[in-house]
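In what follows, a single structure is set out as structure tokens and then discussed.
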Amino acid sequence: MQRLRLLIILALALALRASSAAAQGAGETLPAPQLIPTYADLVPPNPAPPAEEEVAGEPVESGEVTPVIEENFGALLPGHEPVVPWYEPAYWFGPAPWDSGIEFGLNGTSGTSESVSFRVGGFIKRSAKDYKLDASLYHNRTQSNGVEVQSNALLDARYDWLFGESPWTVYVMTQTFYDEFQAFDLNVNANAGFGYQWFQEDWTKLTTSIGTGASREFGGPDSEWVPEAQFGVNYELQIDADKKLFAKADWFPEWEDFNDYRVLADVGMQIQLHQPSNMSLKLSATDRYDSDPQGVSPHNLNYSAMLIWKL
């Protein structure tokens, strides 16, 4: 009996000690059991591929070029300049600013008399730091009651050498005029001289020129080269974002007698269309005057309304 009492007292003492130890350790986090590491724990997973934005913004190592697609000039290949198609003017002359287009106009009347006239042509201009080029070609044809009454063409080209900030230029120019209803077939002139740029702003441009050269008529009674002077003026005014006014005139008097001369004048307005954006409307009047017309009208006047398709 006494032994049983000792066992009960010992059990109660152990229980009290266990409860006291539990109370003292309350609120403490027991350490997690240590597990044996696996292969997946020792080898980190593969990183996720970067987003497209991160790829585009990553620096390129030295000696490498990231391919870039350039509008109008093809692709930039590693270690090469932009690839330009062979049919682009920049392929032959370099990536300077170009302005080129094709023009077409058609007029007609019907009633007591019928007539149809049209004018086609094109132009190309280029401006660089050390030179500028301006060339145009036009053809006019008119039929009245089925009979052709007009057929002529004009090629006009001018090349200026520029000298940095100086307003002075040195130029060469040529004009070739063809007319089936003149006393000659072709009239060709070539001139060279000095130009002066009075204004060269975004909204207005004014250039004058003075030079010398010679002209010759082919297929007519006078077929010799005639020395002549040349005086010219070229003006442009940007009225607003869509309208531009232009005027150009060249006077070619003969050195032997200034009373014998030719004048070529062109004036008009160009209106930018919004739809399509590469089209514009051109209203112009061109007159070629010859003081010695050799039996025909001294004036050759053409006025037209044309659409311009910018290339």
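The values are calculated or read from the model by the stated rules, or taken from the named source; none is laboratory data. Everything numeric in this text was worked out from a predicted model, so none of it was measured. Neighbour counts are summed over all protein chains in view; Cβ atoms, including those assigned to glycine, are modelled from backbone coordinates with ideal geometry.
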Selection from the stretch 114-149 of residues hydrophobic (A, V, I, L, M, F, W, C) and within 17 Å of residue 266 (Cα to Cα) yields 120, 123, 124, 135, 137
Quick check on my filter: what residues within the stretch 93-119 are modelled with pLDDT under 75, small (Gly, Ala, Ser) and more than 30 Å from the chain's Cα centre (by Cα)?
108, 110, 111, 113
Any residue in the stretch 123-137 that is on the phi > 0 side of the Ramachandran plot sitting within a Cβ distance under 7 Å of a residue that is modelled with pLDDT under 90 and hydrophobic (A, V, I, L, M, F, W, C)? List the pairs, counting only those 6 or more apart or interchain.
none
Options 202, 179; residue that is farther than 21 Å from residue 237 by Cα and of a type in the set (Asp, Glu):
179
With respect to the numbered conditions (1) more than 26 Å from residue 167 (Cβ to Cβ); (2) charged (D, E, K, R); (3) crowded, with 16+ Cβ neighbours inside 10 Å; (4) in contact with a Lys or Arg (Cβ under 8 Å, 6 or more places away or on another chain), which one is the sole condition not fulfilled by residue 266?
(1)
So residue 174, is it closer than 30 Å to residue 142 by Cα and among the hydroxyl-bearing types (Ser, Thr, Tyr):
yes
Hey, any hits in the stretch 281-292 for a residue that's among the aromatic types (Phe, Trp, Tyr), modelled with pLDDT under 95, more than 31 Å from the chain's Cα centre (by Cα) and not in a strand (DSSP E or B)?
no
Which condition number does residue 232 fail, the rest of (1) under 31 Å from the mean Cα position of the chain (by Cα); (2) farther than 17 Å from residue 260 by Cα being met?
(2)
Looking at the stretch 246-262, is at least one residue more than 26 Å from residue 151 (Cα to Cα), of a type in the set (Ser, Thr, Tyr) and touching a Phe, Trp or Tyr at 6+ places or on another chain (Cβ under 8 Å)?
no
Taking into account only those residues within the stretch 222-259 that are outside any strand (DSSP E or B) and not acidic (Asp, Glu), which is surrounded by the fewest Cβ atoms within 10 Å (Cβ to Cβ)?
241
